[in-house]
Amino acid sequence: DLSSNRLKICYSCPLYSSKFGGMCNNKLWLNVNTGDVSSIQKPGYKRGCGCRLQAKTRLPNAVCPLSKW
């Protein structure tokens, strides 16, 4: 189903945090081309959304800020 497929992608993301049942860490930035993670904003890096993923992945119109789903 939609949620479980999205969660699989999130679990493998370097911005995934197991805090609070699973969140996208909004204190980190990811370069989606290289996979590099930074704790400071850099050009070309995208920030995690900070959402609780169990809820967000169930919403049909929700999107990943990193364009992973």
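Table for the structure above
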{"item": "The chain, relative contact order [Cα under 8 Å, separation at least 6], %", "result": "33"}
{"item": "Residues of segment 42-69 with amide N under 18 Å of the 7 Å Cα→Cβ point at T34", "result": "42-48"}
{"item": "Net charge, L30 excluded, C-beta distance under 11 Å - Lys, Arg +1, Asp, Glu -1", "result": "+3"}
{"item": "Y16 - accessible surface, heavy atoms, 1.4 Å probe, Å² rounded to 10", "result": "70"}
{"item": "Solvent-accessible heavy-atom area per residue, rounded to whole Å², over the chain at 1.4 Å", "result": "65"}
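The values are calculated or read from the model by the stated rules, or taken from the named source; none is laboratory data. Nothing here was measured: the structure is a model prediction, and the numbers come from that model. Virtual Cβ from ideal backbone geometry, glycine too; neighbours counted across all protein chains shown. Ligands, DNA and RNA are stripped out before the accessible areas are found, and what is left, the full protein with its side chains, is counted by its heavy atoms. Shrake-Rupley method; radii C 1.70, N 1.55, O 1.52, S 1.80 Å.
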